[in-house]
Amino acid sequence: MDEYKVLIVEDSPTMRQLIAFSLKRLKGVKIVEASDGVDGLKKLSQDSFSLIITDINMPVMDGLKLVSLIRKDAVYKEVPIFIITTEGGQEDKERAMALGANAYITKPISSPQVMDMVKSYLNIK
Amino acid sequence: MDKKEEREKNLFERAEEFLQIFKKGAEFTQELLKTNEQLRYRILQLEEENKSVKSAAGMPSEQYRELAQQIEALKKEKEEIANRAREIESENKDFAQRYVEVAEENNNLANLYIASYQLHSTLDFKEVLQIILEIIINLIGAEEFGIFLLDEKTHELKIMASEGIDESHVPTVTLDTGVIGKVAKGGEPYFTEGALDTAKSDWLNPIVAIPIKIKEHVIGVIVVYKLLQQKKSFTPLDHELFTLLAGHAATSIFSSKLYSESERKLSTIQGFIDLLTK
């Protein structure tokens, strides 16, 4: 069976747990959690991931900075990145997509919506 | 030759011609009779064939009967299968609908489980307040809101934690003042009427006020002044989360406060004991 490692970068433990709880129900998905952008970069350097989910508003390093740094890394140039944020403005979305995000989901999230998007990007049946 | 002989000769020749014509007529008649006989014979043959076909149709053979029975059985089977297919199609639609409902219910339960799990994951008072804020931002989708707690001595409600607002502008609320005071006194939740995204609010009159209570004893109020721009209305899950917060947040806040106080008292007593025993 294929194994997909998903990195969740989110400062809120509640939100991290909710996303992880939803994605763990998908076959072959393993979750790694990080609490901010810097922690996310550290986890990215230690392992390889099939998909990255990040919040925008985080301490130390925000999600947009993280996306721009990830896209500069040849290893993660093509890895799908989802943004899950409270920022619902069109400008915020356009900025995130221009930096290289693949999907932009606003909070509050629905677990089936996130699961479907992850399944679609990872080709999980 | 005289005229009489010549007339006899002509008469003889005409008689001869007539005889020839008569002979041809007789031959033709013979042929007609023969053809007629053949046709009659053919009619008889066809009549016989017709009889046997009619006989076969009117009185089916054993094989014919079996085939007819099989056709009848297959027709019935086809009808039953068609009915079953219709039933299965209908069941399938029901299952699809049920699946959607179960998925939604599952999603709701996941949210409630995580909210509850997080609320009871710590005995640190500040952490409990932070978790309540996180639940309201991330799971409900509020942008400006606060947690008011009741001071048992002064009977006033003071803001203890907030998001998106400047706490220095928020006044202390007395019981029975504005929506917040009334909710604290009455113990019933308040939801503004009409569209939430255009609803106006002020410090004393938020769009939502949820009493934080242990049984019937109100210890505070969660107030929401503004929702995230993408959040246009409340879902049934939001109401479930508010209900959960009303009860579980109360016990978490209460127990964490007691724990903090007991820790402080324990530390003081320990200090005295250390002083006396040294």
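Looking at B:Glu101, B:Glu152, can you tell me which residue is within 30 Å of A:Thr86 (Cα to Cα), surrounded by fewer than 12 Cβ atoms within 10 Å (Cβ to Cβ) and at pLDDT below 90?
Details: B:Glu152 fails: within 30 Å of A:Thr86 (Cα to Cα).
When all the criteria are applied, what remains is B:Glu101.
Filter region B:138-174 down to residues that are within 14 Å of chain A (Cβ to nearest Cβ) and in contact (Cβ under 8 Å) with a residue 60 or more places away in the chain, then give me how many there are.
The qualifying residues number 8.
Would you confirm, using the coordinates I've provided, whether B:Ala96 is more than 11 Å from chain A (Cβ to nearest Cβ) and at pLDDT below 95?
Yes, satisfied.
Only one of these conditions is not met by A:Val9: (1) surrounded by 21 or more Cβ atoms within 10 Å (Cβ to Cβ); (2) within 13 Å of another protein chain (Cβ to nearest Cβ). Which number is it?
So A:Val9 meets the others, but not (2).
If I filter region A:109-125 down to residues being more than 14 Å from every other protein chain (Cβ to nearest Cβ) and among the polar types (S, T, N, Q), which single residue comes out as surrounded by the fewest Cβ atoms within 10 Å (Cβ to Cβ)?
The extreme case among them is A:Asn123.
Scan region B:156-174 and give yes if some residue there is farther than 28 Å from A:Asp11 by Cα and loosely packed, with under 15 Cβ neighbours inside 10 Å, otherwise no.
Here is the first cut: in region B:156-174, the residues farther than 28 Å from A:Asp11 by Cα are B:156-157, B:171-174.
With the extra rule that they be loosely packed, with under 15 Cβ neighbours inside 10 Å, the set shrinks to B:171-172.
Checked region B:156-174: at least one residue is farther than 28 Å from A:Asp11 by Cα and loosely packed, with under 15 Cβ neighbours inside 10 Å.
Can you go through B:Leu228, B:Leu237, B:Leu204, B:Leu276 and tell me which one is closer than 24 Å to A:Thr86 by Cα and modelled with pLDDT under 90? Break it down into steps so the answer makes sense when it comes.
Numbers: B:Leu228 fails: modelled with pLDDT under 90; B:Leu204 fails: closer than 24 Å to A:Thr86 by Cα; B:Leu276 fails: closer than 24 Å to A:Thr86 by Cα.
Every option except B:Leu237 fails the conditions.
Taking region A:24-34, which residues are more than 9 Å from A:Lys5 (Cα to Cα) and at pLDDT below 95?
Residues satisfying the conditions are A:Lys24, A:Arg25, A:Leu26, A:Lys27.
Would you confirm, using the coordinates I've provided, whether A:Thr106 is under 27 Å from B:Ser233 (Cα atoms) and open to solvent by less than 30 Å² (accessible area, probe 1.4 Å)?
No, not satisfied.
Can you name the helices (runs of 4 or more DSSP H) wholly within region B:177-278 that have at least 2 residues being open to solvent by less than 70 Å² (accessible area, probe 1.4 Å) and more than 23 Å from B:Leu123 (Cβ to Cβ)?
B:178-186, B:236-244
Condition first: part of a helix (DSSP H, G or I), open to solvent by less than 30 Å² (accessible area, probe 1.4 Å) and either touching a strand residue (DSSP E or B) at 6+ places or on another chain (Cβ under 8 Å) or more than 14 Å from chain B (Cβ to nearest Cβ) (or both). Can you find one or more residues in region A:47-60 that meet it? Quick ask: steps written out before the conclusion?
In the first step, residues of region A:47-60 are kept if they are part of a helix (DSSP H, G or I); the result is none.
No, that holds for no residue.
If a residue must be under 17 Å from A:Glu10 (Cβ atoms) and open to solvent by 60 Å² or more (accessible area, probe 1.4 Å), how many such residues does region A:65-85 contain?
Residues that pass the stated criteria total 1.
Considering A:Ile84, A:Ile124, which residue is in a strand (DSSP E or B) and touching a residue at least 60 places away in the same chain (Cβ under 8 Å)?
The unique qualifying residue is A:Ile84.
Please determine whether any residue of region B:62-84 is touching a residue at least 40 places away in the same chain (Cβ under 8 Å) and among the hydrophobic types (A, V, I, L, M, F, W, C).
Within region B:62-84 (the criterion being touching a residue at least 40 places away in the same chain (Cβ under 8 Å) and among the hydrophobic types (A, V, I, L, M, F, W, C)), the answer is no, since none of the residues qualifies.
All but one of (1) open to solvent by less than 20 Å² (accessible area, probe 1.4 Å); (2) over 21 Å from B:Gln230 (Cβ atoms); (3) within 10 Å of chain A (Cβ to nearest Cβ); (4) not acidic (Asp, Glu) hold for B:Ile135; which doesn't?
Answer for B:Ile135: the failing condition is (2).
Among residues belonging to region A:86-98 that are open to solvent by less than 60 Å² (accessible area, probe 1.4 Å) and more than 10 Å from chain B (Cβ to nearest Cβ), point out the one that is nearest to the chain's Cα centre (by Cα).
My answer is A:Ala96.
For region A:19-42, enumerate the residues that are assigned to a loop (DSSP other than H, G, I, E, B) and away from every other protein chain (no Cβ under 14 Å).
Passing the criteria: A:Lys27, A:Gly28, A:Asp36.
With over 18 Å from A:Arg16 (Cβ atoms), under 35 Å from the mean Cα position of the chain (by Cα) and either among the aliphatic types (A, V, I, L, M) or away from chain A (no Cβ under 14 Å) (or both) as the only criterion, which of B:Glu105, B:Glu80 stands out?
B:Glu80
Tell me, yes or no, whether region B:116-123 has at least one residue that is in contact (Cβ under 8 Å) with a residue 24 or more places away in the chain, open to solvent by less than 90 Å² (accessible area, probe 1.4 Å) and not in a loop (DSSP other than H, G, I, E, B).
There is at least one residue in region B:116-123 that is in contact (Cβ under 8 Å) with a residue 24 or more places away in the chain, open to solvent by less than 90 Å² (accessible area, probe 1.4 Å) and not in a loop (DSSP other than H, G, I, E, B).
Yes or no: A:Lys93 charged (D, E, K, R) and under 25 Å from B:Ile140 (Cβ atoms)?
Considered against the rule, which asks whether it is charged (D, E, K, R) and under 25 Å from B:Ile140 (Cβ atoms), A:Lys93 comes out as yes.
The values are calculated or read from the model by the stated rules, or taken from the named source; none is laboratory data. Predicted model only: the values in this text are computed from it and were never measured. A quick note on method: Cβ atoms are made from the backbone with ideal geometry, for glycine too, and the neighbour counts reach across all protein chains shown. We work out accessible area using only protein heavy atoms, side chains counted, and drop any ligands, DNA or RNA first. Shrake-Rupley method; radii C 1.70, N 1.55, O 1.52, S 1.80 Å.
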